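If you scroll down you'll find the structure; I have some questions about it.
The values are calculated or read from the model by the stated rules, or taken from the named source; none is laboratory data. Just so it is clear, the model here is predicted, and its values are computed rather than measured. Ideal geometry is used to build each Cβ from the backbone, glycine not excepted, and the neighbour counts take in all protein chains shown.
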Amino acid sequence: MPKVIMTFPEGKHKVLTMSYDDGKAADRRLVDIFNKFGIKGTFHLNSGLLGVGDRIAKEEIADLYREHEISAHTVTHPTIARSPREQLVEELFNDRKQLEKITGYPVRGASYPNGSFNKYIKELLPFLGIEYSRTVNSTGNFGIPDEFLEWNPTCHHKNNLMKLAEEFINLHKKQYLYMMYVWGHSYEFDNDQNWDLIESFCEKISKRDDIWYATNIEIVDYMKAFQNLKFSAESHFVYNPSAKSVWLNVDDDKIVEVEGGAQIALV
């Protein structure tokens, strides 16, 4: 039986994803920096607050975030673990509906407003069409989450960002998969007057052959596509029922692309 393990696209063993909340005006500058360096971000928006104060207006959203992912953050940003069930459902489901009218695609992810969630909320989210949700509980490591509905990031950008970037870049053991997940609020760069931090980070970590630059939902979709692969009993061949390609490492020395809808031999 061949030894088969999953890799990220094109045989990469690391992925970087960025996650920013609230959709305030500073997102414009952050998106420009991400686009300049080819970094992918997920932006979690409150549909009921669009255009309020210094938040990005509804009319600008689709174009501004075109190269990135728009994700739910509830309609009005309540502390949802303290909210009645009726309000919880309305806040999350209506946020999806309003954001989908703007984006034109299914909004399938979220981040917990004020970091607030509980077991009941996690169990409810799939019934509302939410497939992942980010917490504010930074781990300081580069592991792949066991549970995407309690997706703990690596770090807030204020916490050892450049040190963690250096550690991430130096990870070289290809028998493991690594993920660096950075979160925050773009307006914090204005408040702290340190836009040079995120620009230096993006410049340092961009354009690397062993890193996949992905949005949150792209990672979720890829992991699910791998889980949906249909291997023969001896792993001599595999069928991919998904539309998305999945890459495999076979016997430590061969990177194989299993295209969507295809069945290929592995030996």
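Return the total of residues in region 73-109 being part of a helix (DSSP H, G or I), of a type outside the set (A, V, I, L, M) and within 13 Å of Leu49 (Cβ to Cβ).
Of region 73-109, the ones part of a helix (DSSP H, G or I) are 80-82, 85-103.
In the following step, the residues that additionally are of a type outside the set (A, V, I, L, M) were identified as 82, 85-87, 90-91, 93-98, 100-101, 103.
Subset that is within 13 Å of Leu49 (Cβ to Cβ): 91, 94-95, 98.
So the answer is 4.
Output the number of residues of region 183-198 satisfying the condition of being farther than 17 Å from Arg28 by Cβ and in contact with a strand residue (DSSP E or B) (Cβ under 6 Å, 6 or more places away or on another chain).
Residues that pass the stated criteria total 1.
Another one. Using beta carbons and a limit of 8 Å, which pairs, at least six apart or on different chains, have the first residue in region 1-29 and farther than 18 Å from Ala165 by Cβ and touching a residue at least 60 places away in the same chain (Cβ under 8 Å) and the second one of a type in the set (A, V, I, L, M) and loosely packed, with under 15 Cβ neighbours inside 10 Å?
If the second residue must be of a type in the set (A, V, I, L, M) and loosely packed, with under 15 Cβ neighbours inside 10 Å, the pairs left are Pro2/Val267; Thr7/Ile255; Glu10/Ile255; Gly11/Ile255.
Then there is this: State whether one or more residues within region 130-146 are in a loop (DSSP other than H, G, I, E, B), farther than 25 Å from Asp253 by Cβ and at pLDDT below 95. Explain how you work it out, then say what you get.
Looking only at region 130-146, we keep the residues that are in a loop (DSSP other than H, G, I, E, B), and these are 130-131, 135-146.
Add one more test, that the residue is farther than 25 Å from Asp253 by Cβ, and what stays is 130-131, 135-141, 143, 145-146.
Next cut, at pLDDT below 95 only: 145-146.
Yes.
OK, next. I want to confirm something. Restricting to region 97-112 and keeping residues that are surrounded by 13 or more Cβ atoms within 10 Å (Cβ to Cβ) and under 16 Å from the mean Cα position of the chain (by Cα), which single residue is farthest from Thr154 (Cα to Cα)? Outline the logic, then answer.
Let us first name the residues in region 97-112 that are surrounded by 13 or more Cβ atoms within 10 Å (Cβ to Cβ), namely 97-100, 102-103, 107-112.
Those left that are additionally under 16 Å from the mean Cα position of the chain (by Cα): 107-112.
Details: Val107: 23, Arg108: 21, Gly109: 18, Ala110: 17, Ser111: 15, Tyr112: 16 Å.
The extreme case among them is Val107.
Sticking with this one: Counting residues that are on the phi < 0 side of the Ramachandran plot and surrounded by fewer than 16 Cβ atoms within 10 Å (Cβ to Cβ), which strands (runs of 3 or more DSSP E) fully inside region 217-262 reach at least 2? Steps first, answer last, please.
Details: elements: 237-239, 246-250, 254-258.
Strands (runs of 3 or more DSSP E) meeting the threshold: 237-239, 254-258.
Within region 149-164, is even one residue over 24 Å from Leu50 (Cβ atoms), β-branched (Val, Ile, Thr) and modelled with pLDDT of 95 or more?
Yes, region 149-164 contains at least one residue that is over 24 Å from Leu50 (Cβ atoms), β-branched (Val, Ile, Thr) and modelled with pLDDT of 95 or more.
Among the listed residues Arg108, Arg96, which satisfies the condition of being in contact with an Asp or Glu (Cβ under 9 Å, 6 or more places away or on another chain) and at pLDDT 95 or above?
Numbers: Arg96 fails: in contact with an Asp or Glu (Cβ under 9 Å, 6 or more places away or on another chain).
Arg108 is the lone residue from the list that is in contact with an Asp or Glu (Cβ under 9 Å, 6 or more places away or on another chain) and at pLDDT 95 or above.
Can you tell me which residues in region 202-255 are among the aliphatic types (A, V, I, L, M) and within 16 Å of the chain's Cα centre (by Cα)? Walk me through how you get there before you give the answer.
So in region 202-255, the residues among the aliphatic types (A, V, I, L, M) come out as 205, 211, 214, 217, 219-220, 223, 225, 229, 233, 238, 243, 246, 248, 250, 255.
Correct list: Ile211, Ala214, Ile217, Ile219, Val220, Met223, Ala225.
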